[in-house]
Protein chains: 2
Amino acid sequence: MTDLSPVTPDFEASLRAALPDAAFKSPEPKYFEEPRGRFQGAAGVVLAPASTTEVAAAVRLAHEAGVPVVPYGGGTGLVGGQIAGEGPAALVLSLERMTRIRNTWPRENLIEVEAGAILADVQAKAKEVDRLFPLSLASEGSARIGGLLATNAGGVNVLRYGNMRDLCLGLEVVLPNGDIWNGLTRLRKDNLGYDLRNLMIGSEGTLGVITAATLKLSPIPATRGTAMIAVPSPDAALDLLALARNHVGDGVVAFELIHEQGYHFLSETLPDVRHPFETPPEWSVLIELGLPSGLDPAQVLMEIFEAAAEAHIATDGTIAQSETQRAEFWAVREKIPEANRRIGSVSSHDISVPMEAIPEFIERGPGVLTEIGNFRINCFGHVGDGNLHYNVFPQPGRSRADHDNERPAIKRAIHDLTHELGGSVAAEHGVGRLKVEDVQAYADPTHLALMRQIKDALDPKGIMNPGVILPAS
Amino acid sequence: MTDLSPVTPDFEASLRAALPDAAFKSPEPKYFEEPRGRFQGAAGVVLAPASTTEVAAAVRLAHEAGVPVVPYGGGTGLVGGQIAGEGPAALVLSLERMTRIRNTWPRENLIEVEAGAILADVQAKAKEVDRLFPLSLASEGSARIGGLLATNAGGVNVLRYGNMRDLCLGLEVVLPNGDIWNGLTRLRKDNLGYDLRNLMIGSEGTLGVITAATLKLSPIPATRGTAMIAVPSPDAALDLLALARNHVGDGVVAFELIHEQGYHFLSETLPDVRHPFETPPEWSVLIELGLPSGLDPAQVLMEIFEAAAEAHIATDGTIAQSETQRAEFWAVREKIPEANRRIGSVSSHDISVPMEAIPEFIERGPGVLTEIGNFRINCFGHVGDGNLHYNVFPQPGRSRADHDNERPAIKRAIHDLTHELGGSVAAEHGVGRLKVEDVQAYADPTHLALMRQIKDALDPKGIMNPGVILPAS
């Protein structure tokens, strides 16, 4: 490990000599804060280059000077990966001026975008050419493609379309030494050597700065249908998913598990949100189908529901009869995170387990917490991906601050349970700074050694986003 | 680069001390030859371990002694990656005794298999639990999962289900130092650090020996329909694919382009194969749909054909009316490679280009060859993946031997054209030993440098399959 240098006046002067004035941003607080308020970076230089060449020039200078580089996308990350650490003041590289959608190829189902493009803009552009860019998540109005790739983001359509990794065909990356790797391929089959694209995706800016990508589009399903179905248990939810897939295969686009606690929190904090059930069932799922023309989705959902009711894996259900009702169903699912924020969680967990282990995880979760304290739990998420958001709240009348001392124990208990069941404690939000210790605790030592070998080989000076994923030293 | 040592009596003794007798195979010629007869390895020790621990023990000893290790799967690779090179006599590690299917999880759509499992057996096991393992290619009766992963194999269903990379969730790999990396996850979302799985997939045994994998299964489509459609041009074929996908989305499972030369070769060498058209059209496609229940695939194919005929992108067509006729259509596509072998190609090319560049590639291909000689061309393949098998044959009355001198020029001309159009000269068969020089010639220098850094970091002694993908020195 070489020692890193902070941004110095000399270093800043070298940047100013190499880059136009327009690339320099004032170091506003937003570049050094993150949504959950857990991390606070040291103010350094903030650069917003207009081109890949400018990014490369800046990284090359940082490499020569040994100055840490922190890539910055939409600033929506939930694990602090976009924030400079406590070390020497860093060069923050914001992609906010590289937002071009360079090209679309509808027959190829492809789009090429710069890393600063906002997800919602990419979705809109795809729609313009009668295609779908399927990644969809709460922060889509501000999250940028580069950050979504760097964290291998997920969301509600992963079940059918995969995560960012699955949606990316090619990448352009500025490497830690300032070289530009042009992997912007449009090829769906290319076995000319090692897969560097997937190594970069999910590496959270620790192996380079993603500057552009070619992304896969999909045909827009001809018809769409949505239902809310009450299920007797999480295990029944898995059965229902299998039943639906046997019926329509990958026509199941989303399948979201909701616990009654979510409804109670909505009632408490967002009373305008309409509920699909008169009384919230203990467990329910939001299921959405995307089907070819020739099928009536409401009819198909009814068939699925009837078969499920007969098999005792569905107890109640309602099928959206209009686009408005569909939006209401989705509002329930999408407003739950907001309701959670208003209640104020003691601890939130973005975990995944093998699908078959979900019922056991949900059954044992409360048990591992009882020794620590008395909590309310809101467990919801992408059950078809084995991905649960397991959030722990104070009882009414208590605040999250009352439980500050218990947070580490809660976190460890949930993470231990996850690990015991073969799961991951960093499912879709990434590692960032928040879970660096978890990686050390839970990752296979051989996995850790391999990661370190790769990091040291590609970034021997350790300038790229130091302290993210792996410890800085 | 450290010098490699050949297998010596001392090294063999150390293996015999560490491994049971049953692991030692006699060094039959098959371990040192490959299907196209282009490479011939030096006889060394052939080991067929029964477990991952045994593989690890063998690799550890090879690592200590600096002996090259060549992993061996089904022996069906077409680029010589499974054959020891000209260097010191190697340790050949055959996975043929590790064929267990360890587990299936139908609700999770998952299967866990050892690397020596044969593809057809994995397909059959999936079917037993009412699921589909969709990878399908000519050698499926003998190709083994480890080799298919090491080469990121493709085939006819990539369009819909992806290649081996897309079908793999987790891996177990013995690393070049003999450590076992257990990445056998069942998680569909796991962002706990770098993606080592995809680095191993497609690395052709140069970064480790794959010993087991968790693979994704799919629901079996409720109904299936197949048609042969004549199209006026390759460009029209792209339009037809887009039209079909607009109609049924990813219900299009396969879409194979066939040139009339394929029919002529079939008539000449395999006259029993029935043709779907009275007169072979210059260009035709085999299209297969997999649809949810509630749709009649013959009806859907008819709608697609009628819309295509109206748009002048289809001129003739026939829809399979029975499973027998469906098998006949597929026999045309699947027997073309055999017909090619009987005719005897001067040069075969497994290339990919961006889909939109396919018409230009096909148009310019003959032109770049006219300066070299007078040939027949059979171009066919997976047009939706941009993947063409572009094979060059002698004129009638001439033999491939007559053109031996021209082969390098043909290869360079086709590869140059591929490269110019943004394509890859190693689309689905991999690099192996055959295309090592092509990687050096066509890969971006930054890409080459990154590959070398990774290879040196993970395999500093260079024992793993030396001379494959990257030059041995």
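The numbers here are math on the coordinates, done by the rules we state, and not lab data. A quick note: this is a predicted structure, and the numbers were derived from the prediction, not measured. Don't worry about glycine lacking a Cβ; one is built from the backbone with ideal geometry, like all the others, and counts go over all protein chains shown.
Quick look at the values:
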quantity	calculated
Net charge contributed by nearby residues that have their C-beta within less than 12 Å of B:PHE375 (K/R +1, D/E -1)	+1
Calculated FRET efficiency for the pair A:MET302/A:GLU278, C-beta based, R₀ 25 Å, to 0.05	0.80
Net charge dipole size for chain A [Lys, Arg +1 and Asp, Glu -1 on Cβ; Debye, nearest 20]	1120 debye
The protein assembly as shown - Rg and Dmax from Cα coordinates, angstrom	28.0, 93
Size of charge dipole - the range A:57-198 - debye, nearest 20, with Cβ of Lys, Arg +1 and Asp, Glu -1, no other charges	400 debye
Principal axis dimensions, the range B:52-193 - Cα atoms, whole angstrom, descending	47, 35, 26
Where only alpha carbons of the range A:351-473 are counted, the Rg and the Dmax (Å)	16.5, 53
Other protein chain Cβ atoms within 10 Å, averaged over every residue that makes up A:171-182	2
Pseudo-label separations to other copies for A:GLU28 - Cα-to-Cβ vector, 7 Å, nm	7.1
Estimated FRET transfer efficiency when R0 is 41 angstrom, pair B:ASN182-A:GLU128 (beta carbons, to 0.05)	0.35
Global form of the range A:322-403, assessed from the alpha-carbon gyration tensor, a/c cut-off 1.5	oblate
Charge dipole (the range A:290-382, unit charges on Cβ, about Cα centre) - positive-most of A:PHE305, A:VAL346, A:ALA357	A:VAL346
Per-selection Rg to Rh, chain B - Cα, Kirkwood hydrodynamic radius	0.98
Residue among A:PRO460, A:THR223, A:THR151 farthest towards the positive dipole end of chain A, charges placed on Cβ	A:PRO460
FRET efficiency, B:GLU64 to B:GLN40 (Cβ-Cβ, R0 25 Å, nearest 0.05)	0.35
In nm, spacing of pseudo-spin labels at B:ALA401 and B:THR315 (7 Å Cα→C-beta vector)	4.0 nm
Sorted peptide list for A:368-378, A:8-18, B:213-223, criterion being average Cβ within 10 angstrom, highest first	B:213-223, A:368-378, A:8-18
Gyration tensor (alpha-carbon) shape descriptor, the range A:283-335, a/c threshold 1.5	oblate
Separation between Cα centres of the range A:361-378 and the range B:120-135, rounded to whole Å	39 Å
Per-copy distances of the A:GLU323 label point, shortest first, in nm (7 angstrom along Cα→Cβ)	4.4
All-pairs alpha carbon distance profile, the range B:1-82, 5 Å steps from 0, percent	3, 14, 24, 24, 19, 12, 4, 0
Distances in nm from A:ALA441 to the matching label points in the other copies, shortest first (labels 7 Å along Cα to Cβ)	5.5
Inter-label distance, nm, simple model (7 Å from Cα along the C-beta direction), B:GLU363/A:GLU268	6.6 nm
Neighbouring partner chain Cβ atoms per residue of B:453-462, average, 10 Å criterion	3
Residue-averaged beta-carbon neighbours from other chains (10 angstrom radius) around A:102-113	3
Part-to-part distance (alpha-carbon centres) for the range A:222-283 and the range A:29-52, which is given in Å	38 Å
Label point at B:LYS30 placed 7 Å out along Cα→Cβ; residues across the range B:74-96 whose backbone nitrogen lies under 14 Å	B:74-77, B:94-96
Entries in A:LYS216/B:LYS189; A:LYS216/B:LYS127; A:LYS189/B:LYS335; B:LYS435/B:LYS455; A:LYS461/B:LYS455 that, when Cα-Cα distance is taken, lie over 26 Å	A:LYS216/B:LYS127
Over chain A, relative contact order from alpha-carbon pairs under 8 Å, at least 6 apart, %	16 percent
Global form of the range A:205-346, assessed from the alpha-carbon gyration tensor, a/c cut-off 1.5	oblate
